[in-house]
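Trainee: Dropping a structure here in structure tokens format, bear with me for questions.
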Amino acid sequence: MTPVSSKLSTTERPDDNQFGVSPSRQLFGKVMTGLVFACVAISIIPLASILFMVITNGLGGFSPAIFTDLPPAAGMQGGGFRNAIVGTLLTCAIGAIISIPFGVLAAIYTVEFGQGNWISQLVRFCTNVLSGVPSIIAGLFAYGVVVLLTGGFSAVAGGAALSVLMLPTIIRTAEEGLKSVPKATRLAAVGIGATNFQTVTQIVLPAALPFVATGVTLAIARAAGETAPLLFTALFNQYDIKGLWEPTATLSVLIYNFAISPFPNQQKLAWVAALLIVLLILSISIFARLVSRRKVY
Amino acid sequence: MANTHTDREIVIKTDNVSIFYGAFQAVRNVFLDIPKNNVVSFIGPSGCGKSTLLRCYNRLNDLIPNAKVQGEITYRGTNLYDSKVDPVEVRRRIGMVFQQPNPFPKSIYDNVAFGLKIAGFTGNFDERVEQSLRKAALWEEVKDKLQQSGLSLSGGQQQRLCIARTIAVEPEVILMDEPCSALDPISTVQIENLIHELKDRFTIIIVTHNMQQAARVSDKTAFFNAEAGEGGSRFGYLVEYDDTRTIFGSPKEERTQEYISGRFG
């Protein structure tokens, strides 16, 4: 076997030029580097321009009134959209309340108990399909199941539609989280006499919690901006809702309604709402990152 | 006159045990009795089925989907593989320490308290946690940081934490699956000293690759070997089981002699 030192000594000869990079490869390297940077720059442009547009158009209209007032009628001045802010938080909360238990339990089944059997593979396949389903279809589903059955548009119907969209993200991140817990840790729990239930609820799930929390916040961030599934489930409401079973305003539907309105005041409010929703999603995403930093494994 | 090991109380009887993974036979026809308050070590080359057998003593191999045990393993007269036996209950009486230290991602205190909680312990937790950590020779090192994560400890400390966790629930038998193979020499000595002390209260079965370790810590030694059966698949079997002194001094079987003198394995 050749000693390593003799190999090294040949590359260390300072006056040796036979190992230099050829000019054509130097050029190629520079061109490729430039190309990659250009692609990065281009892919940042949409986000940057959206932020720029939303901030320049929305910041001017920002006032305490948007949090305290109701949407103005056509042609009126001022106003806010406190009911839409409440509605967005409410529908997202309902969506989370529905999808978290289903998503986490499904993930527990596929990772802890199904372990690659046909049911867990089916669940995984369905999750993939579900994550590709257009959001308007999720809305149609909630319309058929909740709106038609309960006899009207409501915050609950909106939340149900959003829960369908949140489910795949939650299942997937929860699965990842559960998989990140080493098998040895499960064996340790079982080895001192823990039941499956105790192992999952007291050892595995707590260790996977940062993952699950990240998934939930990302799912909420996605759902908070959805418009299509809310159009025919939560509908809209000019006023504050008095109950969960009433049609409710949401930020995204408010933007949709006001952006196509001919009245400048409403258009301005749409920009403000857009800014608010971007800030909301941004802060949720930052929160998700902070949570995911607390990973155990 | 009864000699020293026949009048010993037998805790676990292994009666003609064979272990299968699907159609593959991993261990063949083992007869082996574990006396109370002894340290019994299992030695032998890789693939001889010593860990496999160890895992059968607290039904941990139940977790492997197609594992099957033939013959009888009795713990104090009860067949562990009887359909009426709850494996969870078995594991509370026969604890396990693994090859890789595997503390829970919880505080040092909770690592020890977890077993107590799930076993429905109602006494003084603080006291029992302290006792267990003392018995595992870890108390002095961790008494000021009980709320820190068990994962923040060094490898040797983690393994002692795992031992503390196991003895907290006061099992009768402790199974140790190569407990020192992931540790440095100093930690290994600490664990071996610990095993000596634990012997008064527990019966210990230890699988080890290290023959000196077996000679140092155990009262009795079982030597397993692997052999190719018909069809070429290898199975493990018990070659010789006797007092450690006899195994390392004057073994009866030629294979044992060859193995302990380092001629194969």
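The values are calculated or read from the model by the stated rules, or taken from the named source; none is laboratory data. No experiment lies behind these values; they were computed from the predicted model shown. So basically every Cβ, Gly included, is an ideal-geometry build from the backbone, and we count neighbours across all protein chains shown.
Trainee: Looking only at segment B:221-265, count how many residues are within 26 Å of B:F24 (Cβ to Cβ), free of Cβ contacts under 8 Å to residues at least 40 places away in the same chain and in contact with a helix residue (DSSP H, G or I) (Cβ under 8 Å, 6 or more places away or on another chain).
Mentor: Result for segment B:221-265: 2.
Okay, residues lined up against (1) within 21 Å of A:L51 (Cα to Cα); (2) more than 20 Å from the chain's Cα centre (by Cα):
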position	(1), (2)
A:G243	no, yes
A:T248	no, yes
A:K268	yes, yes
A:A273	yes, no
A:L280	yes, no
A:S283	yes, no
A:R294	no, no
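Trainee: Working carefully through the options B:G156, B:G123, find the one that is more than 14 Å from every other protein chain (Cβ to nearest Cβ) and within 24 Å of B:I205 (Cα to Cα).
Mentor: On inspection, the qualifying residue turns out to be B:G156.
Trainee: Would it be correct to say that A:Q121 is without any contact (Cβ under 8 Å) to a residue 12 or more places away in the chain, surrounded by fewer than 18 Cβ atoms within 10 Å (Cβ to Cβ) and on the phi > 0 side of the Ramachandran plot?
Mentor: no
Trainee: In the set A:V272, A:V278, A:V253, A:V291, which member is of a type in the set (V, I, T) and at pLDDT below 90?
Mentor: Of A:V272, A:V278, A:V253, A:V291, the one residue that is of a type in the set (V, I, T) and at pLDDT below 90 is A:V291.
Trainee: Keeping to segment B:111-139, report how many residues are surrounded by 17 or more Cβ atoms within 10 Å (Cβ to Cβ), within 24 Å of A:R186 (Cα to Cα) and free of Cβ contacts under 8 Å to residues at least 24 places away in the same chain.
Mentor: Matching residues across segment B:111-139 total 1.
Trainee: Return the only residue of A:V147, A:V190, A:V216 being β-branched (V, I, T), crowded, with 19+ Cβ neighbours inside 10 Å and closer than 24 Å to A:L280 by Cα.
Mentor: Every option except A:V216 fails the conditions.
Quick grid of which residues meet (1) in a strand (DSSP E or B); (2) out of contact with any helix residue (DSSP H, G or I) (no Cβ under 9 Å at 6 or more places or on another chain):
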residue	(1), (2)
B:Q70	yes, yes
B:D82	no, yes
B:V90	no, yes
B:Q99	no, no
B:N102	no, no
B:D110	no, no
B:K117	no, no
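Trainee: Same structure again: Here is a list: A:L187, A:L178. Which entry is within 14 Å of another protein chain (Cβ to nearest Cβ) and out of contact with any Ser or Thr (no Cβ under 9 Å at 6 or more places or on another chain)?
Mentor: Unique residue meeting the criteria: A:L187.
Trainee: Among the candidates A:T173, A:T185, A:T169, A:T214, which residue alone is in contact with a helix residue (DSSP H, G or I) (Cβ under 9 Å, 6 or more places away or on another chain) and either part of a loop (DSSP other than H, G, I, E, B) or more than 23 Å from A:L290 (Cβ to Cβ) (or both)?
Mentor: Only one candidate qualifies: A:T185.
Trainee: How many residues does segment A:238-252 hold that are crowded, with 22+ Cβ neighbours inside 10 Å and either among the aromatic types (F, W, Y) or within 21 Å of A:Q267 (Cβ to Cβ) (or both)?
Mentor: 4
Trainee: Kindly indicate whether any position in segment B:131-143 is away from chain A (no Cβ under 14 Å), within 23 Å of the chain's Cα centre (by Cα) and of a type in the set (K, R).
Mentor: Yes - at least one qualifying residue is present in segment B:131-143.
Trainee: Sticking with this one: Being among the acidic types (D, E) and part of a helix (DSSP H, G or I) narrows it down to one residue among B:E170, B:E197, B:E230; which is it?
Mentor: B:E197 is the lone residue from the list that is among the acidic types (D, E) and part of a helix (DSSP H, G or I).
Trainee: So for segment B:41-61 (the condition being of a type outside the set (V, I, T) and at the interface with another protein chain (Cβ under 9 Å from one of its Cβ atoms)), does at least one residue qualify?
Mentor: yes
Trainee: So which of A:A188, A:A259, A:A234 is in contact (Cβ under 8 Å) with a residue 40 or more places away in the chain and of a type in the set (A, V, I, L, M, F, W, C)?
Mentor: A:A234
Trainee: Select from segment B:193-220 the residues that are under 18 Å from B:L54 (Cβ atoms) and free of Cβ contacts under 8 Å to residues at least 60 places away in the same chain and list them in ascending order.
Mentor: B:N210
Trainee: Continuing with this model, one more query. In the list B:L183, B:L238, which residue meets the criterion of being over 16 Å from the mean Cα position of the chain (by Cα), outside any helix (DSSP H, G or I) and within 20 Å of B:L54 (Cα to Cα)?
Mentor: B:L238
Trainee: On the basis of being without any contact (Cβ under 8 Å) to a residue 12 or more places away in the chain, in a helix (DSSP H, G or I), away from every other protein chain (no Cβ under 14 Å) and over 30 Å from B:D110 (Cβ atoms), does A:L149 make the cut?
Mentor: yes
Trainee: Please enumerate the residues belonging to segment B:53-105 that are in contact with a Ser or Thr (Cβ under 7 Å, 6 or more places away or on another chain), β-branched (V, I, T) and surrounded by 16 or more Cβ atoms within 10 Å (Cβ to Cβ).
Mentor: Within segment B:53-105, B:I73, B:V88, B:V97 qualify.
Trainee: Taking segment A:58-110, which residues are in a helix (DSSP H, G or I), more than 30 Å from A:I171 (Cα to Cα) and either in contact with a Ser or Thr (Cβ under 9 Å, 6 or more places away or on another chain) or of a type in the set (A, V, I, L, M, F, W, C) (or both)?
Mentor: A:L59, A:A65, A:I66, A:F67, A:R82, A:N83
Trainee: Let me ask something additional. Sort through B:R76, B:R91 and tell me the only one that's at the interface with chain A (Cβ under 9 Å from one of its Cβ atoms), touching a residue at least 24 places away in the same chain (Cβ under 8 Å) and of a type in the set (K, R).
Mentor: B:R91
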